[in-house]
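The structure under discussion appears below in the form of structure tokens.
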Amino acid sequence: MQALTLLLNNPTLAAPLKAIAQKVQNHQRITFDEGVYLYEHAELGYLGVLANFIREEKHGDKTYFNRNFHLEPTNLCVYDCKFCSYSRLIKQKEEGWALTMDEMLDVVKKYDNEPVTEVHIVGGVLPQYDVEFYSTLFSAIKKHRPALHVKALTPVEYHYIFKKAKIDYATGMKLMKEAGLESIPGGGAEIFHPEIREQIAKDKCTADQWLAIHEEWHKLGMRSNATMLYGHIEKYEHRVDHMERLRNLQDQTKGFQTFIPLKFRNQHNQMSHVPEVSVIEDLRNYAIARIYLDNFDHIKAYWAMISRETAQLSLNFGVDDIDGTLDDTTKIYSMAGAEEQNPAMSTQELVNLIKQVGRKPIERDTLYNVVTDFTDVVFESDVKPSYYKLPVIN
């Protein structure tokens, strides 16, 4: 509040920026045009003050993480997204993998003695992974470990398997819930605007279809996340259009938990000629997302994608969640050139990462119930001796 007050009393602050800051102070929603204006004119320090004000009103110093692992059934895919470094077309199958049901369950069983709370399942789209396959997989995971939260598949995958099964979204999502699905990750959103979506992912589900699948899931009383792929060929108005559509659906359903901006990484894909945006732009984007998406509880920085250091910085720009331990179980961003080539952090490392920037580390489950408050926890290896023995010379 003190920083915001100082900002509002700055006589050199441009009138439109002052008006937006006053809206934030008064908990009023900013408009589409104001969102674009922030991208075009707002400096990082200004955005940080506004975003941090909202973040701390919602969560104080709390920063959330969870103990999770990824299960990626395949990197083979029927779709040809230009930005994707992860997937391989079926004709390139010698460069990929496609796990069997037993192999997927073996990945889950690997964590039987670990205190993980979530399995995150997402990968490429293949015909053999259909409604029956995933229903059986979800049921088998829940039977084996009932307390493990199954967060699985994006609308890209659901659209494909429901179309193949000739069932509508409402029927399909009900079947998935009955099989053991508990929440949906936010992937596959990319950029909603057709001007951009047609160029980078024209053969996957449309924006309306992506939103419709989440809407049906929310109607069942269930929760999901949302993402936005930024920093490639899109313009600022495309980012704001994307967030506007999410904000509108959230007004209707209140089913989204978290918004996760995903940075475009340019290695080993068909858009390698497009330069990546700077860390400054990453932080500006997090902050504007926090300001614009007033009806989303959480903004997440995926540390495996943007690096540990940038994730720490983001905690002062609206972010209150930095994802989980991962245990080197995802290759999506390492294959695209992310700094983390083997993404894994222990709970202690995550806790210390958060504490180093003055925030309070809170282990959560997938639905943001508190598992452990690590604010005052001291790990044994962090304890320093109160005295040092001096060498004795005889």
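Quick one: among 154, 366, 375, which has the greatest mean-square fluctuation in a GNM of the chain with alpha-carbon springs under 10 angstrom?
Looking only at 154, 366, 375, the largest GNM fluctuation is found for 375.
For Cα extents along the principal axes in Å, which listed value, (1) 67, 44, 42; (2) 62, 50, 41; (3) 77, 61, 42, comes from the coordinates shown?
Given (1) 67, 44, 42; (2) 62, 50, 41; (3) 77, 61, 42, the calculated one carries the label (3).
Of the residues 11, 146, 73, which exhibits the maximal mean-square fluctuation in a Gaussian network model of the chain defined by a 10 Å Cα contact cut-off?
Maximum among the listed residues: 11.
Report, to the nearest whole %, how much of the accessible area of region 1-44 belongs to carbon and sulfur atoms, 1.4 Å probe, protein only. Before the final figure, lay out the partial values.
On the way: 1400 of 2640 Å².
That fraction is 53 percent.
With the other protein chains left in place, how much accessible area per residue, in square angstrom, belongs to region 165-253 at a 1.4 angstrom probe? Spell out each step's value before the answer.
Numbers: 3380 Å² over 89 residues.
Accessible surface, normalised per residue, equals 38 Å².
Step through the residues of region 28-39 one at a time and calculate ³J(HN,Hα) from phi using the Karplus curve (6.51 cos²θ - 1.76 cosθ + 1.60, θ = phi - 60°), rounding each to whole Hz and writing x for Gly and Pro.
After applying 6.51 cos²θ - 1.76 cosθ + 1.60, I find 9, 6, 8, 8, 4, 4, 5, x, 5, 4, 4, 4 Hz.
Enumerate by residue number the trypsin sites (Lys or Arg not before Pro) in region 92-132 meeting two conditions: DSSP loop (anything except H, G, I, E, B), and at most 16 other Cβ atoms within 10 Å of the site's Cβ. Display every interim value, and only then the final one.
On the way: sites: 93, 109, 110; in loops: 110.
Taking region 92-132 and a limit of 16 other Cβ atoms within 10 Å, the loop trypsin sites (Lys or Arg not before Pro) found are 110.
In whole Å, what is the distance between the alpha-carbon centres of region 1-68 and region 188-253?
Using only Cα atoms, the two centres lie 24 Å from each other.
Using a Gaussian network model of the chain with C-alpha springs under 10 Å, which one of 316, 248, 68 is most mobile by mean-square fluctuation?
The residue with the greatest mean-square fluctuation here is 248.
The values are calculated or read from the model by the stated rules, or taken from the named source; none is laboratory data. Source: prediction; values computed, not measured. Glycine gets a Cβ as well: all are built from the backbone with ideal geometry, and neighbour counts include every protein chain shown. What goes into the accessible areas is simple: the full protein's heavy atoms, side chains included, and nothing from ligands, DNA or RNA. Shrake-Rupley method; radii C 1.70, N 1.55, O 1.52, S 1.80 Å.
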